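Undergrad: Can you read through this structure? Questions will come right after.
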2 protein chains.
Amino acid sequence: MSSIKNTRILDVLNGLPVDKTPVWIMRQAGRYLPEYKETRKKAGSFLGLCKNPDLASEVTIQPLRRFDLDAAIIFSDILTIPDAMGLELKFEDNRGPFFDKPLSNSDEVNSLDPNNIAKKLDYVANAIVETKSKLNNEVPLIGFSGSPWTLSTYMVEGSATKDFRKIRSAVFNNPEMVEKLIEKLTFSITDYLIMQAKAGADVLMIFDSWGGLLNSENYLDFSLNPMKKIIANLKSNEGTKNIPIILFTKGGGSWLKQISESGCNAIGLDWTTNISYARETIGENISIQGNLDPCALHGTEDSIKNAASRVIDGYGHGHRHIFNLGHGIDQFVKPEKLGILIDYVKEYSMQYHLS
Amino acid sequence: MSSIKNTRILDVLNGLPVDKTPVWIMRQAGRYLPEYKETRKKAGSFLGLCKNPDLASEVTIQPLRRFDLDAAIIFSDILTIPDAMGLELKFEDNRGPFFDKPLSNSDEVNSLDPNNIAKKLDYVANAIVETKSKLNNEVPLIGFSGSPWTLSTYMVEGSATKDFRKIRSAVFNNPEMVEKLIEKLTFSITDYLIMQAKAGADVLMIFDSWGGLLNSENYLDFSLNPMKKIIANLKSNEGTKNIPIILFTKGGGSWLKQISESGCNAIGLDWTTNISYARETIGENISIQGNLDPCALHGTEDSIKNAASRVIDGYGHGHRHIFNLGHGIDQFVKPEKLGILIDYVKEYSMQYHLS
């Protein structure tokens, strides 16, 4: 089995006791780190960075040199899949990634090619192999994908828009198109995650960044059920059946019970949901990851510790909590503040893990 | 007491039986109506429209000429209060309202003047008086204000921003400033709502559009508790003690229980929360307003009816439901689709009101 030295996160995901609450940070390899910016400059572009296994593994490792983190997460972008399916991803300075020609009808959806994703995205596999080698079994490596609904959202909107009216309306006026797109993505994402596990990912996470746009019935139909299918696919596949899965729907606080029945090992919680309430709602067989308000990192040292204590106290005694932010760290955080947070979580959480 | 002919909405708010589910639509006086655009053109500007009682009452009435609505809501903007406090509101074409000089420190907050709001905003009172006269007691008129937290958000950010990082960070690194600002707004909003009731508003609604940005502890401290104070102020004031109050926190699905204990008569529900779940959570003593996905109005006639049925069935038998969207109607909706929805709600809901 695994010869990973720091197994805290794997233990929490498998329901085993740990000595302190493990911690990693969404977007921990990112723009708040000067060394990340240096490497990105070297890569020339964001997509260049994703596609260069040497540099992608370098930025993946960077936060672990600074902080006492319990996991690495492979550096990549969720929009590589639509790109590989034929919807060309573009990047411009001072703007997030976008699609020049977003999908507007069923014909365009039909022309997407969901096959051979593993081959088309072999640069991600290569980055994982190289990262695993550099990690030297110190901590586990998390692989990830966007959810079918979230990728559909970007593919129809073109980018993150103000109110996502196109995709939200398509659910009502062209549900067949959205269903077809989601079906293709479900297929591709399954392949992609299996590939990541084969390459060495120890944990898999599904980011459903935009599930919270949907009403509750449509959340089940268009977002949760396709994710459930992916999880079932992974759990029935020889290479991935034992790999823990974290499912994160931002804005999913109303649907925790349903998410907890998806087959995932842990639920990612955004900062708006009270963690005690979440634990009560989902019971003791699923772990919770989260959920510090990312803006707490702009506070003073005392206020950071105070906010972190509330999350840890809120979870209380028990071993099924992975500390994280409720959303990705933003580029304006000072790295030393993140250091204060991580050290504090380790120290403060010990009291909740005494036998 | 009131001599209003159509009392359905007042009855629902007061827990009395009704023959069908009443309905009104957030932003029903708005850009999706060609006659609104005409009147706005006449006014010259958005703020000009707000400040002209004749034209403001005209656009308030317009949707009632087309649709079988059970209430009117006075046409105005939530940002008139900050403007009256001294933070000058600006409008430019193709951009929402904004503040040129958003608040950045406590001195700027201290210099705001929360007094004499009723006098400074007498144009709203005048618009209410004129609307009441035009309504001729057919249906009740709803008055409204933004919540202290939501107004603070705009006053610190300058406008609706991508991630609201300034105000969300201020909560952690300058809570004193935010608290001071909220205190002033709580005072002004109380005055403003009392003034609206005196002028003739039959129902008061508090729009907490951005409460959903906060983590659960901070939602209570910075958003719900100030709203509770306003409600307590209104309930202890002779002129407003019997006026029903609707409280709407967008993204507040995790906090329904706490909101139901605020003293309000009804909770506005956005489209992401299941209405059956909301009813179970808050019990039978509070009404629910909502919560059709606004994008459902971009569907076919059948899909509109289907989506509306789900909301009405989801609430089920009982008299404490006001049908509405889960957010304001958008400018791209075809008016005839809204007509289909409203007629259908009236017809379909009757089965749930038989004795």
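The values are calculated or read from the model by the stated rules, or taken from the named source; none is laboratory data. Because the structure is a prediction, the values reported are computed rather than measured. Note that each Cβ is placed from the backbone with ideal geometry, even for glycine, and that neighbours are counted across all protein chains shown.
Undergrad: For A:Thr60, only one of the following conditions fails: (1) out of contact with any strand residue (DSSP E or B) (no Cβ under 8 Å at 6 or more places or on another chain); (2) crowded, with 23+ Cβ neighbours inside 10 Å; (3) of a type in the set (S, T, N, Q). What is its number?
TA: Single failed check for A:Thr60: (1).
Undergrad: Looking at the stretch A:137-168, which of the residues that are among the charged types (D, E, K, R) and within 14 Å of another protein chain (Cβ to nearest Cβ) is nearest to A:Leu185 (Cα to Cα)?
TA: It comes out as A:Glu157.
Undergrad: Right, something else. What do you reckon, is A:Thr240 at pLDDT below 95 and of a type in the set (Val, Ile, Thr)?
TA: In short, no.
Undergrad: Among the residues that make up the stretch A:119-129, is at least one of them small (Gly, Ala, Ser), at pLDDT 95 or above and surrounded by 19 or more Cβ atoms within 10 Å (Cβ to Cβ)?
TA: Just the residues of the stretch A:119-129 that are small (Gly, Ala, Ser), to begin with: A:125, A:127.
Going one step further and asking which of them are at pLDDT 95 or above, we end up with A:125, A:127.
Pick out the ones that are also surrounded by 19 or more Cβ atoms within 10 Å (Cβ to Cβ) and you get A:125, A:127.
Yes, there is a match, as at least one residue in the stretch A:119-129 is small (Gly, Ala, Ser), at pLDDT 95 or above and surrounded by 19 or more Cβ atoms within 10 Å (Cβ to Cβ).
Undergrad: Kindly list the number of the only condition in (1) at pLDDT 95 or above; (2) under 30 Å from B:Cys264 (Cα atoms) that fails for B:Leu33.
TA: (2)
Undergrad: Condition first: more than 8 Å from every other protein chain (Cβ to nearest Cβ), basic (Lys, Arg) and out of contact with any His (no Cβ under 7 Å at 6 or more places or on another chain). Can you find one or more residues in the stretch B:310-319 that meet it?
TA: No - not one qualifying residue is present in the stretch B:310-319.
Undergrad: What pairs come up if the first residue lies in the stretch A:328-344 and is away from chain B (no Cβ under 12 Å), the second is of a type in the set (Lys, Arg) and not in a loop (DSSP other than H, G, I, E, B), and their beta carbons are under 6 Å apart, counting only those six or more places apart or on different chains?
TA: A:Tyr344/A:Lys305
Undergrad: Conditions first: (1) of a type outside the set (Val, Ile, Thr); (2) more than 14 Å from chain B (Cβ to nearest Cβ); (3) part of a loop (DSSP other than H, G, I, E, B); (4) closer than 24 Å to A:Leu338 by Cα. A:Phe323 passes all but one, so which condition is the exception?
TA: So the condition that A:Phe323 fails would be (3).
Undergrad: Name the pairs: first residue in the stretch B:17-38 and without any contact (Cβ under 8 Å) to a residue 60 or more places away in the chain, second residue assigned to a loop (DSSP other than H, G, I, E, B), Cβ to Cβ under 8 Å, at least 6 apart or on different chains?
TA: Listed by first residue and then by second, the contacts come to B:Ala29/B:Phe75; B:Tyr36/B:Ala29; B:Tyr36/B:Gly30; B:Lys37/B:Arg31.
Undergrad: Are any residues in the stretch A:130-153 in a helix (DSSP H, G or I), more than 17 Å from A:Ile243 (Cα to Cα) and more than 16 Å from the chain's Cα centre (by Cα), and if so, which ones?
TA: Within the stretch A:130-153, A:Glu130, A:Thr131, A:Ser133, A:Lys134, A:Leu135, A:Ser152, A:Thr153 meet the criteria.
Undergrad: A follow-up question, please. Among helices (runs of 4 or more DSSP H) lying entirely in the stretch B:1-117, which contain 3 or more residues that are hydrophobic (A, V, I, L, M, F, W, C) and within 22 Å of B:Ser159 (Cα to Cα)?
TA: The qualifying helices (runs of 4 or more DSSP H) are B:46-51, B:80-85.
Undergrad: Now for a different question. Kindly indicate the residue of the stretch A:296-306 that is surrounded by fewer than 23 Cβ atoms within 10 Å (Cβ to Cβ) and of a type outside the set (Asp, Glu) and also nearest to the other protein chains (Cβ to nearest Cβ) among those meeting that condition.
TA: Filtering the stretch A:296-306 for residues surrounded by fewer than 23 Cβ atoms within 10 Å (Cβ to Cβ) gives A:299-306.
Filter again for of a type outside the set (Asp, Glu), leaving A:299-300, A:303-306.
On the way: A:Gly299: 3, A:Thr300: 6, A:Ser303: 5, A:Ile304: 8, A:Lys305: 12, A:Asn306: 9 Å.
Step by step, filter the stretch A:296-306, then rank; the result is A:Gly299.
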